[in-house]
1. Given the criteria among the β-branched types (Val, Ile, Thr) and at pLDDT 85 or above, does Ile13 qualify?
2. Is there any pair with a first residue in region 29-43 that is within 13 Å of Asp69 (Cβ to Cβ) and a second that is at pLDDT 90 or above and surrounded by fewer than 17 Cβ atoms within 10 Å (Cβ to Cβ) whose Cβ atoms are under 7 Å apart and which are 6 or more apart or on different chains, and what are they?
Amino acid sequence: ELLAASFFCSRQIAECREYHHIIPTIAYQLAHYSCTFGETLERILEQKPDLASKEPATQMKELLIKPWDAVIKTKKFEDYSPVIVIDALDE
């Protein structure tokens, strides 16, 4: 298992306590983790550049689920499971 992305919420850092930053941050990190994810995300953002300002459900579908589906089809991660950590959501 490999850490693919993380987001640590914090009361002290304004950007880290805004819930609408979580999914775009995770998507950005996954784009660096996987070329396939990044290429798919790039195509999606070219068509819908305002996704970072959308509701979390829309962000989840467009920024995470669709690109991850493309990664799954390549079967590059069959030997290990990428890990995503989101910590301190109650902050």
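The values are calculated or read from the model by the stated rules, or taken from the named source; none is laboratory data. Just so it is clear, the model here is predicted, and its values are computed rather than measured. Glycine also receives a Cβ, built like all others from the backbone with ideal geometry; neighbour counts cover every protein chain displayed.
1. Judged against the criteria, Ile13 is not a match.
2. Thr40/Lys66
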